[in-house]
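Beneath this line is the structure, given in structure tokens, with notes to follow.
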Amino acid sequence: MDTIKTKRIAKKVAKNGFWIVCDVFFLGLKAAGTLALVALTTAVIFACFFIFYVRTDLATGLDVNPADFVLDQSSTIYVVDPQTGRQEHAVTIQSTEFRVWVDFEDIPQHLIDAVVAIEDHRFWDHQGVDWFRTAGAFMNMFLSMSDTFGGSTITQQLIKNLTTEDDVTVQRKLQEIFRALEYERQFSKIEILELYLNLVYFGHGAYGIGAAANYYFDKEVSELTLAESAAIIGITNNPSQFSPYLNRNANKGRQEIILYRMFQLGKITQAEYRDAMREPLNFQRGIDEQAQMVVYTWFEETIMRDVVSDLVNRLGWSDQLARRYLFSGGLRIISTMNPEMQAVVDYIYQNPENLPTVTGSAQQVQSSILIIDPYTGEVRALSGGVGMKDRNMLLNRATQTRRPPGSAIKPISMYAQALDYNILTPDTTYLDSPDLVLSGTTWLPRNATRTYAGPVTVRTALARSINTIAAVILDEVGIDESYSFMTDILGFNLDPADRDYAPLAAGQLTHGATLREMASSYTMFPNSGIRVELRTYSRIYDVNGNILLDNSLPIEIPAISDVSAYWMTDMLVCAVVNGTGSAANLGGGMPTAGKTGTSTDSRDRWFVGFTPHYLAAVWTGFDTPARMQSSGNPAAHIFRMTMGPIHEYLEVRAFNRPDDVTLTPIINRWDTETVSYSVIAMDVHGNFLQEFFGEATVGSEVAVHAPDLGGGWRIVGDSFGAIQITADPARNVIRFIFEYVPAEPEEPEPTPTPMPTPTPMPTPTPMPTPTPIPTPPPEPTPMPTPTPMPTPTPEPPP
């Protein structure tokens, strides 16, 4: 019975275990299915995101068509005649580099086989990407933890040469892959290989196979032998390492590798391989017949730099491609230059004797100027230096040099914002004093004259370029606000260290500012608060007459209100009429506004000014900064010398004025606390005699007569004294010097007796408080709208 019972129990346990195992198995299947579903869903979501990423970030098109890429035509710059509006030829751009375009049918087959064999032996079979080499490159990256990829096909290398994306990252590599796939769907293998061979760099300034054949063997490409072709193709891997003019043995070793690779792939026979290995290489520099010395003007070189920059930034081209297109892509560039205005500038700048006399260094004094239309941003004339220009691509002081602008920065770094933020008006009063305290620093600039005027209006402070008041206004605007306005709105390229008082209040910028930055920032004043970017060309046409870049419309950035711009212009007119910029006044009724600037130790002198017609920015100084000595501000003088003839026959008109220019009156922005002052009487030996006390408000002026001490004491020197009251009572002191004169004796004495010691003065009684010069605050009445200056009748032309 026990045996039977045991068997039954075992059978039951086995049966239950079977079902448990089944349950576990099916549960596992369900879990695995769930995981598989989750994985599939995740993969689908990831794939969707990846496809979106590819379409938006990686598969961006490349705006270069090999069929249109004919690099054998010179580009040309045109100017527009201001009288007729006709486009006239100005200059043909010629390259100093070796650039010879070679059509595919003129390239020998053994050269094509050489480049394919060593660079991309599956070129004729893949669709832009060699997946075997790419997989190997990625595996190498992950296994060796290296950030180098390799594995690029000829198409991918061409993409790299055509764009600016040459950084070594996974994203860049993926983008290059997708672009290569797209490129090969659009263009043939022959078009791609032809463009590649005409773009690739062969060292020593030689771009393209045509230039390389000329430079290394003095031959046409079609004349190259197999051995010569392999030697030239070997250079492309690293021109500085494999150039035969730098390392003949390295070039020979690279050539032999290429020849052997061609033999391995069956591109050449054993006999051809053997003969090419034995063939001596006769390297001989050719002559670039296109290289002619054409010296471009400062304006033309500025256009060329701007075109290259815009092709890179707006079309995404590489710098190399943009330069090649500029020099030999057959571009037609329409400049903004006004030939008549440029002639005026050239007449003054090409002869150093025409400029104001400046001493202080043995160097030739330098200067640069930009004259622009402030309403469109079109540059009309410029000069990047003094004297005749005899070389190309020199340092352009109008667009490339960065120098501290000094006080010329004040209208744009704090005055315009303070006016726009309703912190002040032109008639608001500030205190000019050496005892001012700023909220964010212990620094306070000194005035250039080392004197202080007490309470002055904002208009006067700007006209006289008072440094203390500029610092106080900057303090009220805020350092961060001023810095952001300069960089984000006005487009200045400032150093982070410039987020401070001295750079923004006194113009002592870490790296300085360019004339172009200063001119663009000032356009907001005559242009009703709108800043415009400067432009040297309006349009660029490609070789087929299509618009490649349209630059004809102004690039406008709102900066301040039109009312603020009007009042800033009004104050800058005062700076020219009655202030530091008087040397720039054009006269003849033509309204002229502007601001001077002087850097530390007078190493840089600036003037940025404008009329209702044009705006000009001028810098003067030495290339190696040194203290300048001159009569007045030479930059202001140059402004008048150039702008005077330009405006001689232009209509006299007023600046733009909004319909309502009313401002809320703000009476004063300085402390009116009352402090004490003292009047001290001393003898000629410096001994204290008496002291009197009084009280007056900070910033007021106190004038008193010398006290009458009596008893034989007589005043020495001026009997009238005056001081300006500061916040520090210890500095508010007026001193008078007295000498003792004894009374004359009634009858002569035979023997002189010593002078009796003067009886000490009794305890002084307080002197009646002198009456300070009254400075009652004006009643806060609304600011009257100034009456516009009547427009004078222009003088008839001579």
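Table for the structure above
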quantity: Accessible area per residue in Å² at 1.4 Å probe, computed on the stretch 598-669; calculated: 42 Å²
quantity: Cα-only radius of gyration and Dmax that characterise the stretch 260-356, units Å; calculated: 24.6, 77
quantity: Amide proton proximity set for Trp101, modelled H, under 5 Å, gap of 5+; calculated: none
quantity: Whole-Hz ³J(HN,Hα) from phi, Karplus 6.51 cos²θ - 1.76 cosθ + 1.60, for the stretch 410-422, glycine and proline x; calculated: 4, x, 9, 8, 8, 4, 4, 5, 4, 5, 5, 8, 6
quantity: Probe 1.4 Å, protein heavy atoms only - accessible area per residue of the stretch 198-304 in square angstrom; calculated: 46 Å²
quantity: Backbone N within the stretch 358-375 under 19 Å of label point (7 Å from Asp623 Cα along the Cβ vector); calculated: 358-369
quantity: Table column - 3J(HN,Hα) (Hz), the stretch 471-484, Karplus curve with 6.51, -1.76, 1.60, x for Gly and Pro; calculated: 5, 5, 5, 4, 4, 6, 5, x, 4, 5, 4, 5, 4, 5
quantity: Contour minus Cα-Cα distance for Asn687 and Met388 (0.36 nm per residue); calculated: 100.8 nm
quantity: Ordering of 404-415, 531-542 by burial proxy (mean other Cβ atoms within 10 Å per residue, highest first); calculated: 404-415, 531-542
quantity: Accessible surface of the stretch 466-542 [probe 1.4 Å, protein heavy atoms]: carbon and sulfur percent; calculated: 42 percent
quantity: In nm, spacing of pseudo-spin labels at Ser631 and Arg714 (7 Å Cα→C-beta vector); calculated: 4.7 nm
quantity: Charge context of Asn396, other residues only, Cβ under 14 angstrom, K/R +1, D/E -1; calculated: +2
quantity: Long-range HN-HN contacts of Glu691 with modeled amide H, under 5 Å; calculated: Ala681
quantity: Label-point separation in nm, Asp601 to Leu265, each point 7 Å along Cα→Cβ; calculated: 6.3 nm
quantity: Computed lengthening from Gln109 to Ala39, 0.36 nm per intervening residue step minus Cα-Cα distance; calculated: 20.0 nm
quantity: Accessible surface of the stretch 331-453, 1.4 Å probe, proportion on carbon and sulfur as whole %; calculated: 50 percent
quantity: Rounded accessible area per residue of the stretch 349-425, 1.4 Å, Å²; calculated: 34 Å²
quantity: Residues whose placed amide H lies under 5 Å from that of Asp130, excluding near-sequence neighbours; calculated: Thr153
quantity: Residues Thr451 and Ser676, FRET efficiency given R0 of 30 Å [Cβ-Cβ distance, rounded to 0.05]; calculated: 0.80
quantity: In nm, spacing of pseudo-spin labels at Val733 and Ile190 (7 Å Cα→C-beta vector); calculated: 9.8 nm
quantity: Signed unit charges on C-beta, dipole axis of the stretch 473-580, positive-most listed residue Asn546, Tyr501, Leu534; calculated: Asn546
quantity: Within the stretch 217-300, GluC sites (Glu not before Pro) in DSSP loop having at most 14 other beta-carbon neighbours inside 10 Å; calculated: Glu220, Glu289
quantity: Summed side-chain charge close to Pro244 - residues other than Pro244 whose Cβ falls under 15 Å, Lys, Arg +1, Asp, Glu -1; calculated: +1
quantity: Under the Karplus curve 6.51 cos²θ - 1.76 cosθ + 1.60, θ = phi - 60°, whole-Hz ³J(HN,Hα) for the stretch 253-258, x wherever Gly or Pro sits; calculated: x, 5, 4, 5, 5, 5
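The values are calculated or read from the model by the stated rules, or taken from the named source; none is laboratory data. Keep in mind the model is a prediction, meaning the values are calculated, not measured. So basically every Cβ, Gly included, is an ideal-geometry build from the backbone, and we count neighbours across all protein chains shown. Keep in mind that these areas ignore ligands, DNA and RNA; they rest on the heavy atoms of the full protein, side chains included. Shrake-Rupley method; radii C 1.70, N 1.55, O 1.52, S 1.80 Å.
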